[in-house]
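These notes concern the structure reproduced below.
Bear in mind these aren't lab numbers, they're just calculated from the coordinates by the rules spelled out. Keep in mind the model is a prediction, meaning the values are calculated, not measured. Methodologically, a virtual Cβ is constructed for each residue, glycine included, from the backbone with ideal geometry; neighbour enumeration extends over all protein chains shown.
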Amino acid sequence: VRSTFSLNRSVAPEAASPTSVAPSSTSRRRRRRLLAVPVLGLLAAVALGACQVPGQSNAINGDNRPTTISGVSNGKLPASDLVTINATCRTYKQVAGSLAGLLSAANKAGIRLGTNECYRDYAGQVYQRSSWCTRGLCANAAVPGYSNHGWGKAVDFNVAGGPLAFNSSTFSWLMLHAGTYGFVHPNAVPGEAWHWEWVGDGGIMHGTPVKPDLWTWPMRIGAVGEDVTHVQQALKAQGLPVTVDGHFTSNTNGAVSMFQINHHLPVTGTVDLATASALRIFS
Ligand SMILES: [Zn+2]
C-alpha cells in the first residue's frame, strides 16, 4: 500500500517523508525508521478500518467526513465563523486558509479551479433540495440541516466556470493534491465530481490534522504569527521595504499596498487570495 511519492510535506511526524525511501540511504537507524513508517501507516489504516491514501495523512480518506461545529446549527453559522474566499464562496474560518492554498496551488499548476458554492445556509439547503427533488433527483442534495455545506466545510468546484467531471485532468489533479490541503472527495457522494469536503482537522475519523487554520485569512493589520512572517519574507524578496517580525503592522500594510500597485491588484493592504497567489506564498 506504500508508494514513493509524497504529497504531504508539512504535516505531522508520522506522515514524514515517504520520498526518503531511496536506495542511496545507508544508515541503519535511518533504515529502521523507514521500515517503521509503513508499519505504523498500516496499523493506522487498520485502526481506522479503511485504506489510507499513500503518502497522505490518514485523515485523507474517502470514507472520512467533516466534523460538525459545536454550539451552532448547520446552515446557521454566525458571520464571525465565516470567511469570504470569493464572490461565490464562504467557508468556516478554519477551512479558509486551506481552500485558499488549494486554489492557489491549482492556479500555479495551470488549472482554472473555481468555486460554485461553499457555505450554504439553511434556506439555501431547502431551496437546493426542493429543486433537485422536482427533477426526481433528491439524492443530489442533502436533507436540509444535514449538508456539509451547512458547516462551511464542503466546496463545489468548477473548472473555468464549467462543470468538473470525474474523467477530467482537474479531477485527477485534485485526487493527487487536494489532500495536501485537507480536502477529500467523499465516497458517500459518488455522483458529484465537483463536491469536495474538508477534513483538515482530522474529520470524524480523528485522523492526523492537515493544515487547519493555515492562515489568518484574509490577513490584515493585527495578525501575528508564522504566516505573517512568510508574507513579509515574500514581500522582502520582491525588494519592498518591510520589517520581517511576524507582526502585521502598518509597515506590512504599506508594503502589501505597494505590491498590489505593482501587480495591478485592488489596493487594500490586506492579503487576500489574489494577493497571496501573486506573492506565491503557498509554494
Ligand atoms: Zn456540494
Segment residue 126-residue 177, extension gain: residue separation times 0.36 nm, minus the distance between their alpha carbons: 15.1 nm
For the range 70-153: span of alpha carbons on each principal axis (Å, largest first): 39, 33, 18
For the range 212-283, the Rg and Dmax computed from alpha carbons only, in angstrom: 10.6, 31
Positive minus negative residues near residue 104 (Lys, Arg vs Asp, Glu; Cβ under 14 Å): +2
Partner lysines for residue 211 [C-alpha distance under 16 Å; skip if fewer than 8 residues away on the same chain]: 93, 153
Ascending count of other beta-carbon atoms within 10 Å, so fewest first, for 166, 157: 166, 157
Local electrostatic count, residue 170, Cβ distance below 15 Å [Lys/Arg +1, Asp/Glu -1]: 0
Environment charge at residue 182 (Cβ cut-off 10 Å; Lys +1, Arg +1, Asp -1, Glu -1): 0
